[in-house]
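Read the structure below first, then the notes.
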Amino acid sequence: MVIYRALPFVLAVCVISETTARCDEPARQAAERLLTTLWDKQSNRTVEIPEVFRKSVQELGQHPLLLQAYVLNRMHYYRYRDALPVAEQLSDLSPDLLEAWMMRAWIQGILSRFERMLIEIQLAAQRLGPAIQSGQYEQVELERIAARLGRMYGFAEGPAQHDVNAATLRDVLREIQRALNDDLLRIFEDERQDVLAQYVRAANDRQQSLIQSEQDWQTKSQQEIQNLDAANAQLQQRRDQLQQEAIRVRDDGRRQLSEFDSRLEPLRGEALAANRRLASVEWSWQIVAQNIAAEEALLAREQDPHLRAIILARISQLQWQLRGIETDLFGLRAHLATLRQQLNALELQRRSLAQSLDAQLSTLQGELQQVQRSERQNLTRRDKLLGSTAPVPTSARVISDQIKVLATYDPYPVEAERQRLLQDLRQLARGGG
């Protein structure tokens with residue numbers, strides 16, 4: 001007869017006799033790797049671990065050793081959705097392995113699938129009765145399973161009571177009571193009641209925290225309202241000062257800019273006229289230059305001396321005319337450069353003044369907006385304080401967050417199970433016994 005030790009992992013798939021042990025060494029090595037080399041969370045193994053598992057299954061098949069080690073590894077990494085289907089495969093492959101059913105139930109609970117957790121507990125209980133009768137599990141292991149069932153069931157009827165069906169609770173309890181003997185049933189009840197008591201204490205602590213928070217909130221709210229009223233009185237005074245200062249800066253700026261505009265306008269008109277004159281003269285220059293080019297092209301083709309003399313005379317006249325135009329261009333460009341220099345200097349001074357005024361007004365406007373925003377925030381805060389209740393304190397939030405989490409009452413002993421499985425794996429490597 002096979003007797004299961006505290007963790008019936010390896011012995012569920014490797015038959016142990018008094019003198020021999022038979023287990024696939026490649027599967028044992030792959031399982032040990034999942035529990036050692038690939039256990040370190042500091043390494044980035046998000047992709048590597050599932051790939052190692054997939055290749056191992058591809059090579060070795062769905063060996064229970066691999067499935068068991070992979071489920072533990074995924075639970076260690078909090079990848080419960082990855083662990084669940086493999087735990088289901090494990091229980092299908094080794095239906096007498098109670099820990100596989102316990103894993104399934106616990107993972108469903110940690111994923112907040114509480115109704116499904118109850119069903120898994122019921123399935124585990126259906127297999128627990130025959131296991132107790134057959135004597136294939138040691139008493140210490142049966143007591144551990146009874147205690148785990150008690151804590152998960154207590155969680156379902158306490159913290160998760162609003163998420164499960166009452167009829168399902170009753171059916172599961174009857175199944176457990178049928179499966180357990182008196183000694184194991186006492187352990188089940190002790191753990192079940194301990195979870196319920198822990199839940200009641202947490203609920204009471206949360207309620208007391210809320211009451212104390214409400215009292216503190218009322219005192220604090222009244223004081224804060226007084227402070228807000230005093231702050232808004234000061235903000236209103238500052239708002240008036242800023243508005244008056246903005247009006248003064250804006251009026252002074254407009255006056256100074258107007259003075260610059262009165263100086264710039266005549267220069268701009270003169271520069272515009274000079275530009276038009278320059279454009280006209282440049283156009284004349286282009287026409288004369290084109291005529292010279294045309295005459296020179298004609299001269300190059302003409303062979304008659306008399307006609308060549310006439311063409312040369314026309315070219316000379318055009319060149320004289322071009323030089324006169326170039327003299328005008330030089331004068332116009334110099335005059336326009338002087339005008340532009342004067343305009344640029346005045347426009348630069350005007351821009352600097354405008355930028356300075358804009359900066360002052362922007363600063364004042366920014367501060368004014370900040371004051372107005374602070375006033376609105378204070379008024380909003382005041383109205384909120386008058387019509388609000390105390391916020392939920394951090395301590396109560398923590399309790400609320402934890403009170404419906406299965407691990408608060410029944411944390412899965414991943415590290416302990418890993419060590420027990422490693423011990424069995426290494427014992428197999430030495431030849432069983």
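Could you calculate the FRET efficiency of Asp401 with Asp216 from 1/(1 + (r/R0)^6), where r is the beta carbon distance between them and R0 is 22 Å, rounded to 0.05? Can you show the working numbers first?
Numbers: r = 21 Å, r/R0 = 0.97.
Approximately 0.55, to the nearest 0.05.
Using the charge dipole of the stretch 217-390 (Lys, Arg: +1 at Cβ; Asp, Glu: -1 at Cβ; taken about the Cα centre), state which of Gln226, Ala289, His335 has its Cα farthest towards the positive end.
With unit charges placed on the Cβ atoms, the residue in question is Gln226.
Scan around Asp24 for amide H atoms under 5 Å from its own, H built in the peptide plane at 1.01 Å from N, and keep only partners 5 or more places away or cross-chain.
Those qualifying (amide H under 5 Å, at least 5 residues apart or on another chain) number zero.
Of all the Cα-Cα pairs you can form in the stretch 291-335, what percent are over 16 Å apart?
On the way: 453 of 990 pairs.
So the portion of pairs separated by more than 16 Å is 46 percent.
Starting at the first residue of the stretch 360-370, write each ³J(HN,Hα) from the Karplus equation 6.51 cos²θ - 1.76 cosθ + 1.60 with θ = phi - 60°, in whole Hz, x for Gly and Pro.
Karplus-based 3J(HN,Hα) across the stretch 360-370 equals 5, 5, 5, 4, 5, 5, x, 5, 5, 5, 5 Hz.
Could you state the principal axis extents of the C-alpha atoms in the stretch 260-376, from the largest down, to the nearest angstrom?
Dimensions of the stretch 260-376 along the principal axes of its Cα atoms: 97, 27, 14 Å.
Pulled fully out, how much extra length does the chain show between Leu185 and Leu329, if you take 0.36 nm times their separation in residues and subtract their Cα-Cα distance? Walk me through the numbers on the way to the answer.
Working: separation 144, 0.36 × 144 = 51.84 nm, distance 11.49 nm.
My answer for the length gained is 40.3 nm.
For the pair Thr168 and Asp240, how long in nm is the line joining their label points, each one 7 Å along Cα→Cβ?
Inter-label distance under the simple model: 6.8 nm.
Which lysines does Lys41 reach when only Cα atoms under 30 Å apart count, and residues fewer than 8 places away in its own chain are ignored?
Within the straight-line limit of under 30 Å, Lys41 reaches these lysines: Lys55, Lys404.
About its Cα centre, how strong a charge dipole does the chain have in debye, to the nearest 20, once Lys and Arg get +1 and Asp and Glu get -1 at the Cβ?
1060 debye
Under the Karplus relation 6.51 cos²θ - 1.76 cosθ + 1.60, θ = phi - 60°, what is the ordered set of whole-Hz ³J(HN,Hα) values for the stretch 341-351, x standing for Gly and Pro?
After applying 6.51 cos²θ - 1.76 cosθ + 1.60, I find 4, 5, 4, 4, 5, 5, 5, 5, 5, 5, 4 Hz.
Counting other beta carbons within 10 Å of each Cβ, put Tyr199, Tyr80, Tyr70 in order, fewest first.
Details: Tyr199 21, Tyr80 18, Tyr70 28.
Listed from fewest to most nearby Cβ atoms, that is Tyr80, Tyr199, Tyr70.
Which cross-chain or sequence-distant (5 or more) residues have an amide H under 5 Å from the amide H of Tyr137, H modelled 1.01 Å from N in plane?
So Tyr137 has HN proximity to Tyr4.
Ignoring everything except DSSP H segments at least 4 long, calculate the 222 nm mean residue ellipticity for the chain; use -39,500 (n - 2.57) per segment, divide by total residues, nearest 500.
Calculated from helices alone, the mean residue ellipticity at 222 nm is -29000 deg cm²/dmol.
Kindly write out, for the stretch 172-186 in residue order, the coupling ³J(HN,Hα) from the Karplus curve 6.51 cos²θ - 1.76 cosθ + 1.60 (θ = phi - 60°), rounded to whole Hz, with x marking Gly and Pro.
Result, rounded to whole Hz: 5, 4, 4, 5, 5, 5, 5, 7, 8, 7, 4, 5, 5, 5, 5.
Using only the alpha-carbon atoms, how far is helix 80-93 inclined from the longest principal axis of the chain? Give it as 0 to 90 degrees, nearest 10.
Around 30 degrees separate the two axes.
Quick check: from the Cα gyration tensor, does the chain come out rounded (a/c under 1.5), prolate or oblate?
Cα axes put the chain in the oblate bin.
Every number here is computed from the coordinates shown, using simple stated rules; none is lab data. In this text, all values refer to a predicted model and were calculated from it rather than measured experimentally. Reconstructed Cβ throughout: ideal geometry from the backbone, glycine too, with neighbour counts over all protein chains shown.
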